[in-house]
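Read the structure below first, then the notes.
The values are calculated or read from the model by the stated rules, or taken from the named source; none is laboratory data. Predicted model, so just to flag it, every value in this text is computed and none were measured. Ideal geometry is used to build each Cβ from the backbone, glycine not excepted, and the neighbour counts take in all protein chains shown. Heavy atoms of the whole protein, side chains included, go into the accessibility calculation; ligands, DNA and RNA do not. Shrake-Rupley method; radii C 1.70, N 1.55, O 1.52, S 1.80 Å.
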Amino acid sequence: MILIVDDNMNFVDRMISLLEDADNIGYINVASNYDEARRLLAAEDPAVVLLDINLPGKNGIELLKLIRQNNKGCEVIMITNHADDYYKQQCKELGARYFLDKSNDFAQVPGIINELLN
């Protein structure tokens with residue numbers, strides 16, 4: 001299962017349409033804020049989380065910390081408009097496998113997910 005955590009529904013819809021063509025995805029869940037994501041993470045153990053930094057409630061970095069504590073086998077791909085070196089370093093140190101710029105790296109996601117799941 002893939003979990004997309006992002007409050008931008010246009011982005012989520014575009015990502016779902018890209019991922020529907022990828023192999024081995026299973027199903028896709030969506031959370032639009034920290035609390036929704038926390039509930040889904042407690043109920044299920046996703047293989048991959050696509051995570052934005054800017055979320056309603058607590059931010060994606062706080063959620064990344066929670067994932068690393070409770071869902072250790074889950075791979076995290078940060079995909080954000082805040083793709084500067086400060087956030088990249090912080091997210092990598094906290095255990096994000098990839099750190100992508102929403103604007104420039106969007107199309108790489110299906111290939112990365114296929115790689116992670118195979």
Given the structure, is Pro46 touching a residue at least 40 places away in the same chain (Cβ under 8 Å), assigned to a loop (DSSP other than H, G, I, E, B), open to solvent by 10 Å² or more (accessible area, probe 1.4 Å) and on the phi < 0 side of the Ramachandran plot?
-> no
Query raised in the report: Do we have Glu93 as among the charged types (D, E, K, R), out of contact with any Ser or Thr (no Cβ under 9 Å at 6 or more places or on another chain) and free of Cβ contacts under 8 Å to residues at least 24 places away in the same chain here?
Result: yes
In region 81-101, residues that are loosely packed, with under 15 Cβ neighbours inside 10 Å and of a type outside the set (D, E, K, R) total 3
Exactly one of Asn29, Asn24, Asn70 is within 15 Å of Ile2 (Cβ to Cβ), open to solvent by 10 Å² or more (accessible area, probe 1.4 Å) and at pLDDT below 95, and that residue is Asn24
Just one listed residue, out of Met78, Met1, is open to solvent by less than 30 Å² (accessible area, probe 1.4 Å) and out of contact with any Ser or Thr (no Cβ under 8 Å at 6 or more places or on another chain), and it is Met78
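Of the residues that make up region 16-30, is at least one closer than 12 Å to Leu63 by Cα, not in a helix (DSSP H, G or I) and not aromatic (Phe, Trp, Tyr)?
No: region 16-30 contains no residue that is closer than 12 Å to Leu63 by Cα, not in a helix (DSSP H, G or I) and not aromatic (Phe, Trp, Tyr).
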